[in-house]
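Asks: Quick one: the structure is below, and I'll ask about it shortly.
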Amino acid sequence: MRKLVVAVLQAVGVRDLFEAADGEHAWRALRDTNPDIIVLDWQMDGMTGLEFARLVRNSPRSPNVYVPIIMLTGHTHVEHVRQARDAGVNEFLAKPVTVKAILSRLVNVVEHPRPFIRTKTYFGPCRRRRALTAYAGPERRKEPTFVD
């Protein structure tokens, strides 16, 4: 799967790519290279993709808590999508992937970035994909705003 994603990225002109064999290697590479986008798998050796996403978003040692994260996975149950979203993943991509699907997610994170929010229990891209008006409680956000 990694080879396919790399081939697609190279075909569309991405020049600087870094591959990591496991979560620990990816964490070191993140700190050394500070990538523009992270594409990761749910299943990784050393740590899961969810753990890695949480580390990127919440660790004081993370070089860029705002870096877009695209999660690849064969786990497409709605609960898995929810867990990835709650870990701070920007986009979710179900396996088997297609060139069109990969490019669609890349376009979303580059051309249509969602604002980042911070709550008591979450930091990451706004989890809302559409306006919901059902909640009217005291902590309701009016509009998502970028967090510095």
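The values are calculated or read from the model by the stated rules, or taken from the named source; none is laboratory data. Worth saying up front: this structure is predicted, and the values here are computed from it rather than measured. Using ideal geometry, Cβ is built from the backbone for each residue, glycine included, and neighbour counts are taken over all protein chains shown.
Conditions (1) at pLDDT 95 or above; (2) closer than 21 Å to PRO115 by Cβ; (3) exposed (fewer than 13 other Cβ atoms within 10 Å of the Cβ), marked per residue:
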site: LEU4; (1), (2), (3): no, no, no
site: GLY13; (1), (2), (3): no, no, yes
site: GLY49; (1), (2), (3): no, no, no
site: ARG82; (1), (2), (3): no, yes, yes
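Asks: Quick check on my filter: what residues within the range 35-46 are touching a strand residue (DSSP E or B) at 6+ places or on another chain (Cβ under 8 Å) and not in a strand (DSSP E or B)?
Replies: ILE37, TRP42, GLN43, MET44, GLY46
Asks: Which of the residues spanning the range 6-39 are closer than 16 Å to PRO63 by Cβ and aliphatic (A, V, I, L, M)?
Replies: Hits for the range 6-39 are ALA20, ALA26, ALA29, LEU30, ILE37, ILE38.
Asks: Quick one: which of LEU72, LEU106 is part of a helix (DSSP H, G or I) and within 18 Å of LYS3 (Cα to Cα)?
Replies: Details: LEU72 fails: part of a helix (DSSP H, G or I).
Every option except LEU106 fails the conditions.
Asks: Could you go through the range 84-94 and let me know if any residue there is of a type in the set (S, T, N, Q) and at pLDDT 90 or above.
Replies: Taking every residue of the range 84-94 in turn, at least one turns out to be of a type in the set (S, T, N, Q) and at pLDDT 90 or above.
Asks: For the range 73-102, what are the residues that are of a type in the set (Lys, Arg) and touching a residue at least 40 places away in the same chain (Cβ under 8 Å)?
Replies: ARG85, LYS95
Asks: Right, next: Can you report the number of residues in the range 21-36 which are surrounded by 15 or more Cβ atoms within 10 Å (Cβ to Cβ) and among the polar types (S, T, N, Q)?
Replies: 0
Asks: Hey, can you tell me all the residues within the range 47-69 that are part of a helix (DSSP H, G or I) and of a type in the set (A, V, I, L, M)?
Replies: LEU50, ALA53, LEU55, VAL56
Asks: GLU79 passes all but one of (1) touching a strand residue (DSSP E or B) at 6+ places or on another chain (Cβ under 9 Å); (2) closer than 18 Å to ARG127 by Cα; which number fails?
Replies: Every condition holds for GLU79 apart from (1).
Asks: Do we have VAL97 as modelled with pLDDT under 90 and either small (Gly, Ala, Ser) or assigned to a loop (DSSP other than H, G, I, E, B) (or both) here?
Replies: yes
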